[in-house]
Structure formats: C-alpha cells, structure tokens
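**Q** Before we start, here is the structure in question, set down as structure tokens.
The values are calculated or read from the model by the stated rules, or taken from the named source; none is laboratory data. Worth saying up front: this structure is predicted, and the values here are computed from it rather than measured. Using ideal geometry, Cβ is built from the backbone for each residue, glycine included, and neighbour counts are taken over all protein chains shown. Just so you know, the surface numbers come from the protein's heavy atoms only, side chains and all, with ligands and any DNA or RNA stripped out. Shrake-Rupley method; radii C 1.70, N 1.55, O 1.52, S 1.80 Å.
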Amino acid sequence: MGLASALSTALTGLTAAETTIDVVGNNLANSNTIGFKASTANFASQFLQTQSLGASPTDSSGGTNPRQTGLGSMIADITPNFNQGTIEISSNPTDLAIQGDGFLIVQGGSGEHLYTRNGILNMNSQNELVTVTGNRLLGYTVDGQFELVTETLVPLSIPLGSAEVARATENVELEGTLTPSGDVADTAEIIQTGVLGDTQLSYPETDFSVAAATPPLVTASTAAAQVGGGTLATGQEYRYRIVFADSTYGGDPNTESVISADVDNPITLAGAENQLYLDDIPNDADYSYFRVYRSTDGGDYCYIGEEEYAVAGTTDFTDTGFADGAAYTNDVLSGSYNYYVTFTDSLGGPGVGDESRPSNKITASAINNGRIHLTDLPTDDSGHWAGRRIYRNTDDDRNTFYFVAEIAGVGAADPSTYTDCISDSTIEATGHTVDLDGPKITNSTLLTDVTRYDDGVYHQMFDEGTLEFTGRKGGRTLSAKEMEITSISTVLDLVNFMEEALGIVEVSSDPLYPIPDDGPTGESPGGIVEDGRIRFVGNNGVDNAIDIGLSGMQITASGATSSVDMPFSSAQTAVGESVVADFVVYDSLGMPLSVRLTAVMESRDGNNTTYRWFADSPDNAPSTGANISAGTGLITFDGEGNFVSSSESTVSIERTDVPSTSPLEFELDFSELSGLAADSSSLAVSQQDGSAPGKLTSFIVSENGLIRGMFSNGITRDLGQIRLARFSNPTGLEQKGENLYASSVNSGLPISGNPGEQGIGTIIAGAVELSNTDIGSNLIDLILASTMYRGNTRIITTAQQMLEELLALRR
C-alpha cells in the first residue's frame, strides 16, 4: 500500500500545481482587463489513512501521538481578490470607476440582474448606457418632470439632443435710479369719445322727400258769374286763387302750397248774379286737398268755404257767398334748408316727453321766395311713439335748429306730408335745439345700437363680429386684444374690455396702499359712461398716459374688416415723473412672456420718496376678460437714496389659455435700485432666472451616482440615478464570464443603494478601475507551482524505481 499511496499522493500534488498554474494563468491573462479581480488557489491537505489514534498520558506512560499518513493535497477554494484596483482616468466621459465596495447592476440576456466592476460604458442607438458586452446599466430613471422614479430598476438612458427642458421665471432683478426730482405723478390722462346715441328705440330710418312747393297752375281754370241762391253782392269785384293743402284747415295755414295766380280775370256781378262758379281747378298728387281764397276789390285773399275739397275727382267749386276766413299767409322761404324728423312719445311741442334720434338730414336747395313741401314722412309701427316733429336749420348756420311742426300719429294712415313756410324770425322764439345725437348711450345700451352723428350722417358703430382693439400707453403701442361682439353685448362690456386691455389698475392687492385717484378731477381710474360719452381715466403719471388711435379699433364682420369710427380725444394730459422697462420672462413650458414695468413717483416728503410700479403683460390670459395688468406695489427710498422696502413684489401672469402652470408668479428684486437724484429716472432688468426650452447637450455623473443633464439653455436637470450593489461575501459570487457576476447561495442577497450609502463605494466618472492582478506575485506563484509540480514528479519517479527494485527480487 505504501508505494501505491505515494503515487496517489504525488498525483494530488500534480493536480494542485496544475490548478495553481491555471488560476495564475487566468490572472496574468486578465492583467489588462478593466475591473478584473485576480483569484488565488488555496490548498488543503488530505488525511485519509490513520494507523493509530494515539494514547493519552497515564501513570506509567507519557502518552503517544496519533499516527496518520497523509494522502496528498486538495484545492480548498479559489478565492477572488476584491481589493481595489488602480483608478485610471480615461478619455470617455461615460466610463465609471467604483472607489470602494460595490458592483454596477446590469441586465442579463434573460432580464436577470448581474453585477460587474467593469465600468467601460457606451451609448447604444436608443441612448441607453451599456457595457462593452452589451449589458444595459440599471438604475432609477426620471419622469416627464425630471423627478426620480424609485419604484424599480430600469435601463438608464441619456437622450442627448432630443430631451428638452424649460424653466419658469421665479426671480427678476432690477437696477437703475428712480430720481426724487421731477413732478409727483398726481394727474392722469383722461380720454373720451364724443356723444354717442342709442338707437334701441325705433327712429326715422327711411328718407323723406323735400322740394319747392309748386303753386296750382290755373291757366286753364275759368270763373263765371251765376244766378242762383248765392249771397254775393252785385257790383262787387271778386278775384279767386287756389292753394293746395296737406290737411284740413283747422286754422293752421302751414300745410299750404304757394298760392296760385288769379283764376281767370276779375269778375264783377251784375243784375241778378249772386254766386260764382270756378271750373277746371288743377290737382296735384302730392296734396290731398285744395282750398279757395277770395279777394274783394283787390284786398287780402281770405280763405272761404266750410270744408276742404279733395283734390282727387274734384275740378270745380261754387262760391255762394261764404264768409271770409283768415287771410292767406304770405310767408315764404329763401335759401337752402336742412330738415330732420324725430318721433316723440308725447305731443305738446319741443321738450315734452322722450324723443327719438333724428332722421338723416334732407336738404332743400336754392329756394327763392317759396315754400318747401315735405312728403313721405317716416312712419313707425312699434307702438311706442305718438307723433312726429319736424326741425330745420340752414347751411349757413348748421348749429341753430328750429322747431317747425308737430304732427300727431306716426302710422301709415297718418299724415305723411307737410309744407313749410314759417320764417326763422317767426319760430326763433321757441329756443329749442334738436338733439342730433338722440337718446344717449348708457351702460346697458347694446353695442349694435350705438351710433355717432357726424355732419348730418349717422354711423352705426358696431356689428356682430370680432373686435380687435389696440391701445397705447405712455406713447407705446400695446398688444392687440379681441372681443366677440354678439347681439347681447353692451356698452358696459366694451368699457370693461377696453379698460382691461389698456391695463388700467383700479384696485391694489394691498388695501393699505390703495390706487390714488386723479388729482385735478378726483376721479378714480377706470372707464365709465357719462352723458353719452365713453370716458377713461388712466393711472397717474406720464408713462401711464392712455391713448386710442383712429385705427385702434377694427371689427371683422361677414368676412370684411373695417375701422370703428369712434375717435377719442384728450380731456386731460397726464403729469408725473415715470420710467418704463420692458423685459421677457418664461412660463413653465418655456414660452416667452412680455412684461412692461412702469414706475411713477407717487409721493415725496422730507423723509422718503415713494414710487408705484405697475406690471403689464399682453400675454396675461385670465379665465375671463382681457386684463393685461399683472401687479402693482410701492417702492420706498430713504433720505440717502437707499432702498427701504416694497409693499408688494409679486407679479402674477395668468396662463389659462395654455397648459402652462398658472399663474406664473415671480418676485421683483428692488434692492439694487437707487433713489438718488438724477437728470431722469432709469430702470432696467439685470437678470431673470427663467429660460426658453433647451436641448440636452451633455451630462455628468456625480460621486453619488446621480446623472445630471446640462441643456443648451443653461439649465441642469436630473436624468437618472445609478444604483450599486454590495454583498456580505463577494467572494461567494458566481462568475458568469465577461467580468459579470451573479449572486449565489453563499454570496448573500444584494444590498443595493446609492453610491456612498450603506457602506457602498462612490463613483468616479471619466475613469476606470484597472485589473488588480499582481503580475510579480503571480509570477512567483507560477515558479512555486512549477517547482511543486517537479517535486511531485520526483516522488512518482522514486516510487517507480522502488517498485522496479521490488520486482527485481524474483531474479
């Protein structure tokens, strides 16, 4: 057994030496493998044959030791050396080295978690971080708001060039000088329209006709004396003339045409003749009646007869001796006259009851010693009006109006003609001037009923459609705002819309510091309707002066766009030291928002100078309305020009029309402003911390494994978190090849965490961990293993020789 066991023992030595050479060879082969951990083969002896267990000491013996024969060596284990390898800086920013304990967690081919110290990482076509062997690096990714999602480990991606991010403005820093010199801003700009009319009630819309009244043409008419039952005087000379009339006499001659020439020749009755017969009396379709006037012995022509005679169908008249009535009125007109007709709800002459807007101006030109006949007077079937009134003026004096007549009734069956012969001197005493504007607008007037009178023409201001309004403030054009005009839109709706679009601030958010009223008038800022005018009072200060140009209001209706001819004029000029700064901020989507900051000197005393700031933004989008005002407050400086305090510093811009975070609120920093005296105030924005959208251009990995992206707009955001794992017994890991390890029954469960936490090492970006193979030590191990191998072969040789000697005994 002895020689045979010697051979077996030597064989175990050979096997152990070979294993050592294999391990050392693997170490040396991977001496340049990044993250490689060298291994060491450890031996154990085999005690397989016991000859005696020995004996313990007795009174007669000192004891004997066990007698055991070893049967060789065995590989107890092959232990990886997880000592830190040398850290070397690389040229690849995605390379990662682990300083300390821990492994990168990567995804295996079947989705399982594997572990490695090889930190050479690249980007694949999906912008994912992968190892040189194609395993995806795992960690925590981020959501759409760049917040870490820590539920599960997922492949980490870095979307260079595609990811975008913006930053909402939170702070705006101001610089400049708000001088205490100049005028205190205690006077506001006040603008207003002319008087505007309300046509909600009906008014004379149809044009009537005017012309010189034509006298009856009596050249064919004849007069003949008759014997009958008349009472005319024998021997008396009689003359007759004809007048057309619009209505029955009633003692009012002012419906009569110009009187005709004498009918035939004067006639003197003789004998038994006692009445006169007139034949072939003319007619005129413009008149309803004719009247007969008579003169005795060449005197006045006086009205005769008991009733008017209808023009239609009547061509003769018999004078049986009617008594003289009123003499024919010889009033005539000369010149050019303009006529207007109104409706009234109460008869009784000018000033009685309500009156409609006048009709359009109708002109009768070049009248020479005649009368003017009005026909087709406007009618109305609304049931609101009781009659019509007629007014006139002349081209020579358009501002003086005369009341001509009042006609009862406005229906189609009521009188529709009138003949005017009243001289100015006769009616001047009435002192009544027709109101060409008609009923004045109020807050409740519908916009489609608003009119403006201009030199005899009435202009309808608004139609249903889209109104685009562009105002000016401080001489600077504001952004256009739109309002939909419907059938129920009122003047108050328009006033509120324009007030908001002009950025007029009525109320301060801080009740301790209310918005001041205009000094000279005591009016509060805002828009009102007063005496038929739309009136706006701006905020105090020159740079708050409001204005509306002639083309500031455009309306689009039925596909056509036109200007609203509603001019505003200045009723008061703004006064006060002020300054303006324009700048841009950004909302949460990176949209640029324009802001105009106006500062006006509100007060000044022996201790302090106080400016009020106003912030306007055309991009302000409240849920209702068109308000551009975004904030206001006070800035106070002491006697040395130092900034003391501000009553309010927040600007709030509503963003309800876009999915941005609403409102965008940011703080104004006034601390760098100066209140020292200067020739003029200055104001500028030195810095704001918002930004427009930017693309991801680069990234860095921090020691704690946080991947931080840098965007083209200067913003940095988290892109992900690299997680590491450590094991209680890393030497118990199962090697899977390609520098990969898997957990095993003796490695313990992975303890994952962020680098630098829970005993896990930190990460060095742009570096790699070299192999920890000790070439010198391994070469020595290689020499020792080869010596071991040769020694064991000598044992085999010796045992062979002894066996040969033993076999030689037979010879």
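**Q** Among the small types (Gly, Ala, Ser), open to solvent by less than 70 Å² (accessible area, probe 1.4 Å), under 29 Å from Pro439 (Cα atoms) and not in a loop (DSSP other than H, G, I, E, B): is that true of Gly538 in this structure?
**A** yes
**Q** Here is a further query. Has region 302-319 got at least one residue that is in contact with a Lys or Arg (Cβ under 6 Å, 6 or more places away or on another chain), surrounded by 14 or more Cβ atoms within 10 Å (Cβ to Cβ) and not in a strand (DSSP E or B)?
**A** Among the residues of region 302-319, not one is in contact with a Lys or Arg (Cβ under 6 Å, 6 or more places away or on another chain), surrounded by 14 or more Cβ atoms within 10 Å (Cβ to Cβ) and not in a strand (DSSP E or B), which makes the answer no.
**Q** Which ones in region 723-750 are surrounded by fewer than 16 Cβ atoms within 10 Å (Cβ to Cβ) and over 21 Å from Ser771 (Cα atoms)?
**A** Ser728, Ser744, Val745, Asn746, Gly748, Leu749
**Q** If I go through region 283-301 residue by residue, how many of them are more than 21 Å from Tyr418 (Cα to Cα) and either assigned to a strand (DSSP E or B) or modelled with pLDDT of 85 or more (or both)?
**A** 6
**Q** So which residues in region 209-229 are surrounded by 20 or more Cβ atoms within 10 Å (Cβ to Cβ), in a loop (DSSP other than H, G, I, E, B) and either modelled with pLDDT of 90 or more or under 60 Å from the mean Cα position of the chain (by Cα) (or both), if there are any at all?
**A** Within region 209-229, Pro216, Val218, Ser221 qualify.
**Q** OK, next. Restricting attention to region 558-595, and to residues there that are open to solvent by less than 20 Å² (accessible area, probe 1.4 Å) and more than 23 Å from Gln688 (Cβ to Cβ), which single residue is farthest from the chain's Cα centre (by Cα)?
**A** Gly576
**Q** Further, regarding this structure: Acidic (Asp, Glu) and open to solvent by 50 Å² or more (accessible area, probe 1.4 Å): which single residue out of Asp518, Asp493, Asp510, Asp543 fits that description?
**A** Result: Asp493 is the single residue among Asp518, Asp493, Asp510, Asp543 that is acidic (Asp, Glu) and open to solvent by 50 Å² or more (accessible area, probe 1.4 Å).
**Q** Filter region 322-349 for residues that are open to solvent by less than 30 Å² (accessible area, probe 1.4 Å) and assigned to a loop (DSSP other than H, G, I, E, B); which is nearest to Tyr277 (Cα to Cα)?
**A** Tyr328
**Q** Could you please give the count of residues in region 79-116 that are open to solvent by 70 Å² or more (accessible area, probe 1.4 Å) and within 18 Å of Ser743 (Cβ to Cβ)?
**A** Counting residues in region 79-116 that are open to solvent by 70 Å² or more (accessible area, probe 1.4 Å) and within 18 Å of Ser743 (Cβ to Cβ) gives 5.
**Q** Checking Asn30 against (1) open to solvent by 60 Å² or more (accessible area, probe 1.4 Å); (2) out of contact with any strand residue (DSSP E or B) (no Cβ under 9 Å at 6 or more places or on another chain), which test does it fail?
**A** (1)
**Q** Looking at the structure I just gave you, is Asp781 of a type outside the set (Ser, Thr, Tyr), out of contact with any Phe, Trp or Tyr (no Cβ under 9 Å at 6 or more places or on another chain) and surrounded by 19 or more Cβ atoms within 10 Å (Cβ to Cβ)?
**A** Yes, satisfied.
**Q** Among all residue pairs at least 6 apart or on different chains, which show Cβ distances below 8 Å where the first residue, located in region 288-307, is under 16 Å from Val258 (Cα atoms) and the second is open to solvent by less than 50 Å² (accessible area, probe 1.4 Å) and among the polar types (S, T, N, Q)?
**A** Ser288/Ser247; Ser288/Thr417; Tyr289/Ser247; Phe290/Thr314; Tyr301/Ser295; Cys302/Ser295
**Q** Which ones in region 413-432 are open to solvent by 50 Å² or more (accessible area, probe 1.4 Å), among the hydrophobic types (A, V, I, L, M, F, W, C) and at pLDDT 65 or above?
**A** Ala413
**Q** Something else now. Quick check: anything in region 55-77 under 18 Å from Leu740 (Cα atoms) and either open to solvent by less than 50 Å² (accessible area, probe 1.4 Å) or touching a Ser or Thr at 6+ places or on another chain (Cβ under 6 Å) (or both)?
**A** no
**Q** Related question: Could you check region 799-811 and list, in sequence order, the residues that are touching a residue at least 60 places away in the same chain (Cβ under 8 Å) and open to solvent by less than 80 Å² (accessible area, probe 1.4 Å)?
**A** Across region 799-811, the qualifying residues are Ala799, Leu803.
**Q** Something else now. In this structure, does Thr442 turn out to be among the β-branched types (Val, Ile, Thr), touching a strand residue (DSSP E or B) at 6+ places or on another chain (Cβ under 8 Å), touching a residue at least 40 places away in the same chain (Cβ under 8 Å) and part of a strand (DSSP E or B)?
**A** no
**Q** May I ask you to verify whether Val579 is in a strand (DSSP E or B) and in contact with a Leu (Cβ under 6 Å, 6 or more places away or on another chain)?
**A** yes
**Q** So, one more: Name every residue in region 436-466 that is among the β-branched types (Val, Ile, Thr) and either farther than 19 Å from Glu355 by Cα or open to solvent by 40 Å² or more (accessible area, probe 1.4 Å) (or both), in order of residue number.
**A** Scanning region 436-466 gives Thr442, Thr448, Val457, Thr466.
**Q** Mind listing whichever residues of region 263-281 are closer than 24 Å to Thr214 by Cα and either open to solvent by 70 Å² or more (accessible area, probe 1.4 Å) or outside any strand (DSSP E or B) (or both)?
**A** Passing the criteria: Val263, Asp264, Asn265, Pro266, Asp280, Ile281.
**Q** Take Asp284 and tell me if it is of a type outside the set (Gly, Ala, Ser), closer than 25 Å to Arg371 by Cβ and surrounded by fewer than 17 Cβ atoms within 10 Å (Cβ to Cβ).
**A** Against the criterion (of a type outside the set (Gly, Ala, Ser), closer than 25 Å to Arg371 by Cβ and surrounded by fewer than 17 Cβ atoms within 10 Å (Cβ to Cβ)), Asp284 qualifies.
**Q** Here is a further query. Condition (residue is at pLDDT 80 or above and under 28 Å from Asn772 (Cα atoms)) applied to region 65-78: is it met by at least one residue?
**A** Yes, region 65-78 has at least one match.
**Q** Which ones in region 751-767 are open to solvent by less than 10 Å² (accessible area, probe 1.4 Å) and not in a loop (DSSP other than H, G, I, E, B)?
**A** Selection gives Gly753, Ile763, Ala767.
**Q** Looking only at region 360-375, decide whether some residue is open to solvent by less than 30 Å² (accessible area, probe 1.4 Å), on the phi > 0 side of the Ramachandran plot and in contact (Cβ under 8 Å) with a residue 24 or more places away in the chain.
**A** no
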